[in-house]
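Q: Please read through the structure below; I'll follow up with questions.
The values are calculated or read from the model by the stated rules, or taken from the named source; none is laboratory data. Not measured: the values here are computed from a predicted model. A quick note on method: Cβ atoms are made from the backbone with ideal geometry, for glycine too, and the neighbour counts reach across all protein chains shown.
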Amino acid sequence: MQLPTDLPRPREYAPMPWRDDAACKDHEPHLWYPQRRGDIHHHRAVAICETCPVRNECLEHALEHGESHGIWGGLTETQRRRVLKLRDRGASATSAAAWALLSGAG
């Protein structure tokens, strides 16, 4: 039996060496995929992200690779979309992320 040769290739992920230092590495992954904003998982995940030494690297990864689900770098999907819009308008990454957090979006 011959295998098909026209199958799509699996998505290749960029290496994430920063994950070794991430505050989330020893926690259950489902925390970063809450059912809705404001639930217990959402609050717990964001609290862990606030202590993370690689929070900026995590957020950058999500922004650069279009992560559309979950909490990355302490921001929800909606907040990350807002950061990208602000960047398109010329805001720095740090100020855009801070504004997204302060605005309460997402």
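Q: Find the helices (runs of 4 or more DSSP H) located wholly in the chain whose residues include 2 or more that are at pLDDT 85 or above, and list them.
A: Fully inside the chain and qualifying: 40-50, 55-65, 77-88.
Q: Taking Arg81 and the conditions (1) more than 23 Å from Asp20 (Cα to Cα); (2) touching a helix residue (DSSP H, G or I) at 6+ places or on another chain (Cβ under 6 Å), which numbered condition does it fall short on, given that it satisfies the others?
A: Exception for Arg81: condition (2).
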